[in-house]
Amino acid sequence: MFPAFGFVLPPKRWFNNFSAEFLEERQSGLQDFLQKLVDEKDVINSMAVREFLCLDDPPTAFDALRERQAFCETVEGTDRCLQRDFMVDERERNESMRTILLHKELQISHPERTKKGHGACWCGSATDSPEKHSCGGPVQKIHQME
């Protein structure tokens, strides 16, 4: 917009652009660029420059506070969802571990009833097929899994 003034931005780099030395040079160059920009009356009075630099409507601490509050609410919502998902997963893992533990306890306490091929149950009934068995006991799921 202002070719007569010959403003030049400090150079960029494609690689190694996060070194402390380069960042200091770039920051200093950008500060010089902005200072030259605002020193020129024609430039600083341009609506495009005034809008870009927010000179007529500068951000306030309250604006930043609203942005932070919105960000925190988003994070809190995400946190609640993750906690809920974790609790569901935890309950499922606990139930699975409980079932495995009951099955192991059954194997230890009544090894003759848990041999593969026999439909014996902890409740005392005997069937040829676990699918036909319906004692309703805590090991019912184990019969379905076998």
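The values are calculated or read from the model by the stated rules, or taken from the named source; none is laboratory data. Worth saying up front: this structure is predicted, and the values here are computed from it rather than measured. Here Cβ is always computed from backbone atoms with ideal geometry, including for glycine, and neighbour counts include all displayed protein chains. To get the accessible areas, we keep the full protein, side chains included, count just its heavy atoms, and leave off ligands, DNA and RNA. Shrake-Rupley method; radii C 1.70, N 1.55, O 1.52, S 1.80 Å.
Points to keep in mind about this one:
- Inter-label distance, nm, simple model (7 Å from Cα along the C-beta direction), Ile100/Met1: 6.6 nm
- Positive contributions from Lys and Arg (+1) and negative ones from Asp and Glu (-1), summed over other residues with Cβ under 14 Å from the Cβ of Leu82, come out at -3.
- Probe 1.4 Å - accessible area at Phe22, Å² to nearest ten: 20 Å²
- 3J(HN,Hα) along the range 74-89: 5, 5, 4, x, 4, 4, 4, 4, 5, 4, 4, 4, 5, 5, 4, 4 Hz, from the Karplus curve 6.51 cos²θ - 1.76 cosθ + 1.60 with θ = phi - 60°, whole Hz, x for Gly and Pro.
- Taking all pairs of distinct alpha-carbon atoms in the range 1-115, Kirkwood radius in angstrom: 21.3 Å
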